[in-house]
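The values are calculated or read from the model by the stated rules, or taken from the named source; none is laboratory data. Note that the coordinates shown come from a computational prediction; the quantities given were computed from them, not determined experimentally. Every residue, glycine among them, receives a Cβ derived from its backbone with ideal geometry; neighbour counts consider all protein chains shown.
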2 protein chains.
Amino acid sequence: MSYEFYYWPGIQGRGEFVRLALELAGADYIDVARCDGGMAAMQAIVDGDHAGALPYAPPFLKSEDLVIAHVANILLFLGDRHDLAPKNEAGRLWAHQLQLTVTDFVSEVHDTHHPIANVLYYEDQKDEAARKAENFLDIRVPKYLSYFERAVARNQTNSGYVIGSAPTYPDLSLFQLMAGLRYAFPNAMARIEPDFPRLSAMHDLVAALPHVAAYLESDRRIPFNEHGVFRHYPELDG
Amino acid sequence: MSYEFYYWPGIQGRGEFVRLALELAGADYIDVARCDGGMAAMQAIVDGDHAGALPYAPPFLKSEDLVIAHVANILLFLGDRHDLAPKNEAGRLWAHQLQLTVTDFVSEVHDTHHPIANVLYYEDQKDEAARKAENFLDIRVPKYLSYFERAVARNQTNSGYVIGSAPTYPDLSLFQLMAGLRYAFPNAMARIEPDFPRLSAMHDLVAALPHVAAYLESDRRIPFNEHGVFRHYPELDG
């Protein structure tokens with residue numbers, strides 16, 4: 001089975017949560033917008049020049065006739081197809097629930113540098129961003145990480161993963177969250193992260209999975225930069 | 001089958017998208033936090049005093065041993081059980097994708113009055129809210145509504161619903177979005193809504209479904225107010 005994956009070519013962004021799942025699964029996929037003519041192909045689908053579901057925005061995945069948009073929806077699909085989620089109903093819903101909390105968290109990360117409008121430059125909303133980021137680091141990050149830490153602690157297998165004894169797609173997303181927070185807010189995370197040892201350990205566990213480790217070393221992994229969701233602006237790193 | 005539904009008792013908020021689905025389905029449910037002792041019962045589950053999945057926050061639904069959190073996840077579950085979504089894979093994913101776009105939109109609605117921090121009062125972030133709301137009404141609302149209008153137009157059955165010939169859970173959510181936007185931003189919506197006749201018509205179609213109409217007339221439907229997601233602050237209604 002071969003997939004076409006569509007996302008902005010120069011950033012990890014929201015698409016990275018999908019790339020990680022495709023990589024762990026060892027799936028055969030093309031990162032279309034990074035190929036010649038790919039941006040036009042992506043725009044054509046956003047414009048609706050196809051029969052399937054209409055995406056609001058990238059990322060989206062094409063699998064034969066299916067067009068699937070939204071990170072959590074794509075992961076729901078890939079989780080079933082590639083054993084990246086439990087098979088039973090309770091486990092599937094739990095994995096998806098965790099992912100939807102990741103979605104909310106990622107949106108708040110984005111808003112630390114764009115609290116007013118995504119059409120404005122960061123420089124045009126710096127004052128608001130400073131206020132937003134301060135609250136984010138003081139209250140929101142500890143609240144979210146505390147929740148995820150408790151979720152991992154509730155896994156009775158003690159595997160270090162959040163569900164059962166093997167990695168599932170929420171583990172990949174939690175790895176990416178930790179990596180992104182460390183990149184964007186190194187000072188704050190040096191202070192915050194020691195309170196969440198299970199998440200630190202899981203980051204390392206996921207990074208060491210052979211398929212993930214190979215991906216992270218490859219040029220398919222775009223470095224973090226100041227165009228994606230996780231941006232390092234020292235003035236926001238309280 | 002009887003459900004326990006958990007959400008803040010004084011507001012429509014995010015929980016309303018679930019209430020509408022339970023009502024259209026004619027499901028047997030208790031709105032727990034609106035009953036005696038219900039707030040304590042809700043807190044106990046947030047605190048993890050149960051065996052199932054751990055919610056990050058309300059709303060969540062209890063169905064026998066399952067605890068399911070996040071609006072979109074609950075609707076995924078109810079959609080399957082109560083024929084509120086297509087049965088085939090493409091249709092299920094399309095319904096869920098639409099719902100996840102609603103989720104994003106609702107988060108932006110919330111941020112028009114709380115752009116900096118949800119722990120601060122509106123009065124403490126009024127300047128930022130004014131900037132945020134202006135961008136929201138000028139750019140974001142037309143962009144989202146245009147997307148949903150196109151989605152309805154792509155439904156080849158011409159039923160007026162977004163998928164197939166019968167109402168599915170995304171229709172309920174789009175009804176609620178339109179109702180909420182009209183409440184929060186009556187001036188702006190008087191200007192914006194005429195560009196989206198399919199969404200106006202769908203609002204009326206959903207409101208007239210017998211189960212929905214009965215619900216909207218009942219005291220189970222909490223009126224919009226300035227504690228929920230959709231708040232009417234005249235100074236934000238550009």
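Would you check which residues across the range B:120-129 are surrounded by 18 or more Cβ atoms within 10 Å (Cβ to Cβ) and of a type in the set (A, V, I, L, M) and list them? Steps first, please.
The initial filter retains those residues of the range B:120-129 that are surrounded by 18 or more Cβ atoms within 10 Å (Cβ to Cβ), namely B:125, B:128-129.
Hit for the range B:120-129 is B:ALA129, nothing else.
Checking the structure you have, find out if any residue of the range A:7-19 is part of a helix (DSSP H, G or I), surrounded by fewer than 23 Cβ atoms within 10 Å (Cβ to Cβ) and modelled with pLDDT of 95 or more. Show your work before the answer.
We begin by selecting, within the range A:7-19, every residue part of a helix (DSSP H, G or I); these are A:15-19.
Next, from what is left, pick out any that are surrounded by fewer than 23 Cβ atoms within 10 Å (Cβ to Cβ): A:19.
Among the residues that remain, those that are also modelled with pLDDT of 95 or more are: A:19.
Checking the range A:7-19: at least one residue is part of a helix (DSSP H, G or I), surrounded by fewer than 23 Cβ atoms within 10 Å (Cβ to Cβ) and modelled with pLDDT of 95 or more.
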Q.
Just the residues that are within 11 Å of another protein chain (Cβ to nearest Cβ) and either part of a loop (DSSP other than H, G, I, E, B) or touching a strand residue (DSSP E or B) at 6+ places or on another chain (Cβ under 7 Å) (or both), please, taken from the range A:144-166.
A. A:ARG154, A:ASN155, A:GLN156, A:VAL162, A:ILE163
**Q.** Counted residues, the range B:62-83 - those being buried (at least 23 other Cβ atoms within 10 Å of the Cβ) and more than 10 Å from every other protein chain (Cβ to nearest Cβ)
**A.** 3
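Return the only residue of A:PRO86, A:PRO59 being more than 10 Å from chain B (Cβ to nearest Cβ), touching a residue at least 40 places away in the same chain (Cβ under 8 Å), crowded, with 22+ Cβ neighbours inside 10 Å and in contact with a Gly (Cβ under 7 Å, 6 or more places away or on another chain).
Working: A:PRO86 fails: crowded, with 22+ Cβ neighbours inside 10 Å.
Just a single option satisfies the conditions, and that option is A:PRO59.
I'm checking my understanding of the structure. Among residues of the range A:158-206 that are touching a His at 6+ places or on another chain (Cβ under 7 Å) and of a type outside the set (A, V, I, L, M), which one is nearest to A:PHE230 (Cα to Cα)?
Narrowing the range A:158-206 to residues touching a His at 6+ places or on another chain (Cβ under 7 Å): A:175, A:178-179, A:183-184.
From the residues that got through so far, the ones that are of a type outside the set (A, V, I, L, M) too are A:175, A:183.
Working: A:PHE175: 13, A:TYR183: 7 Å.
The extreme case among them is A:TYR183.
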Q. Residues of the range A:167-211 being free of Cβ contacts under 8 Å to residues at least 60 places away in the same chain, surrounded by 14 or more Cβ atoms within 10 Å (Cβ to Cβ) and in a loop (DSSP other than H, G, I, E, B), which ones?
A. A:PHE185, A:PHE196
Q. Taking the range B:32-53, which residues are surrounded by fewer than 19 Cβ atoms within 10 Å (Cβ to Cβ) and touching a Lys or Arg at 6+ places or on another chain (Cβ under 8 Å)?
A. B:GLY48
